[in-house]
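J.: Right, I'll just put the structure down here and ask away after.
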């Protein structure tokens, strides 16, 4: 099936950017992307989760005034909220924007705070996906922590991706391996999310995240005991698709 013609210009734009920065490292890609006119207005989206500190530290070195979008689902662990504040202070990130669904929408769609039990997809849409989409409407590109090693569907992730017809994703860590992340954290003496040491290698909302046992998939603790596998909406080759939990941003 041919691609939507409206998407073709974006594919050319992505191809040009990837060719331009093909031989650059993560820091250089991040630095140039924030200044490249072909990229436009950029924000970093961070969950302040298990591995988030690496990309946040890189941003603090390159451009600490870049907007950082943090979605407060109002169901996060207290440890995540404390960690977010600690990193903001330590890294001197001056434009962290905490985003959340309005009180009116929460009352209308999840008045008892138990929507995650009956319809976890609807809960994610209400508290995360819709909030992020609204926030990103003011930007031309967003920085993510997507990496090739994370799953088969990310095996070909490059520094730049199309996110629909008019927005880019920037993946500075696309070519990093798990050891690269660990070495960076250790060498820069960066603090880990406190729940990592308690068996949480992947951290989401408190009601839907549990510890992971040795030998389990790192994301086995997300929505354990349910059939939920979807985390958000992404675009691949101009088509809207749902990614599995393992492939979530």
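J.: Starting from a Cα-only point model with no solvent, please compute log10 I(q)/I(0) by Debye for the range 28-92 at q = 0.13, 0.23, 0.26, 0.29 1/Å.
T.: -0.38, -0.99, -1.18, -1.37
J.: For the range 5-247, what relative contact order do you get, as a whole percent, if you take Cα pairs closer than 8 Å and at least 6 residues apart?
T.: The normalised contact order for the range 5-247 reaches 22 percent.
J.: Moving on to the next point. Just the Cα atoms of the range 5-247: what Rg and Dmax do they give in Å?
T.: Calculated on Cα positions, Rg and Dmax stand at 17.6, 51 Å.
J.: Continuing with the same structure: Give me the one-decimal nm value for the distance between modelled label points at residue 214 and residue 38, 7 Å along each residue's Cα-to-Cβ direction.
T.: Rounded to a tenth, the inter-label distance reads 4.9 nm.
J.: Another question about this same structure. Assuming 0.36 nm per residue, please report the length gained on full extension of the stretch residue 165 to residue 95 beyond their Cα-Cα distance.
T.: Additional length available on full extension: 22.5 nm.
J.: Right, next: Distance from the Cα centre of the range 156-184 to that of the range 86-110, in angstrom?
T.: When both Cα centres are located, 24 Å separates them.
J.: Pull out the extension gain between residue 107 and residue 177, defined as 0.36 nm times the separation in residues minus the alpha carbon to alpha carbon distance; nm, one decimal.
T.: 21.0 nm
J.: Arrange 71, 143 by Cβ neighbour counts within 10 Å, fewest through most, would you? Mind showing how you got there, number by number?
T.: Values: 71 21, 143 28.
Going from sparsest to densest Cβ surroundings: 71, 143.
J.: Here is a further query. At a 10 Å Cβ-Cβ cut-off, how would you order 36, 114, fewest neighbours first?
T.: 114, 36
J.: Between residue 129 and residue 74, what is the spin-label point distance in nm, taking each point 7 Å from the Cα along the Cα→C-beta axis?
T.: 1.9 nm
J.: Fewest Cβ neighbours within 10 Å first, please rank 184, 92 accordingly.
T.: Fewest to most other Cβ atoms nearby, the residues stand as 92, 184.
Bear in mind that the values in this text are calculations on the coordinates, not laboratory data. Just so it is clear, the model here is predicted, and its values are computed rather than measured. No Cβ is skipped: glycine too gets one built from the backbone with ideal geometry, and neighbour counts run over all protein chains shown.
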